[in-house]
Amino acid sequence: MGKMQITPELVGMTGSIIGLVGWLYKLSGKYYAAIHHIENDKSDILVLQKTIADLMEKVGGQANRLLTIENNFHNLKDNMVVKSDITRIETEMDHLKSNVHDIKHTLKDFMLLTTTQYQDISRHIGKIEGLYSELKDLLKVKL
């Protein structure tokens, strides 16, 4: 076999091959980093979906409590004397129903919640708790 001669073309081709290998190495690192981020995002989405399901279950519980309260108020309505207080209670119950309904639709429409959306849901749930507490106080006054 003969000696291999180093020519400018061989040097250029070798440099190109080394550059291509380096570029592929960097690209593979970016690919694996992207895959890692995607897996993390999938995990975050699963956690958020479970959180949403839990919140929907809690909202459903609030809706059931609201129906019980509403039935109790309708039963007490015939025994109460002050009609304006009953009207006020019914209005507050309608607002409470509306808030529960809004929360359910918010949760159904958005599977991935931002911090702002989570705060909005928390605010709605706070309203429900406040209205529920106010209704209980009104009932205590009437009894």
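The values are calculated or read from the model by the stated rules, or taken from the named source; none is laboratory data. This structure is a prediction, so every number in the text was calculated from the model and none was measured. Cβ sites come from the backbone with ideal geometry, for glycine too, and all protein chains shown count toward neighbours.
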Pair list, Cβ under 7 Å, 6 or more apart: the range 33-47 residue on the phi > 0 side of the Ramachandran plot and surrounded by fewer than 10 Cβ atoms within 10 Å (Cβ to Cβ), other residue of a type in the set (D, E, K, R) and modelled with pLDDT of 90 or more:
none
Evaluate the following for Glu9: is it of a type in the set (Asp, Glu) and either closer than 30 Å to Ile103 by Cα or surrounded by 10 or more Cβ atoms within 10 Å (Cβ to Cβ) (or both)?
no
I'd like to know if the range 12-25 contains one or more residues that are more than 20 Å from Asp102 (Cβ to Cβ) and within 23 Å of the chain's Cα centre (by Cα).
no
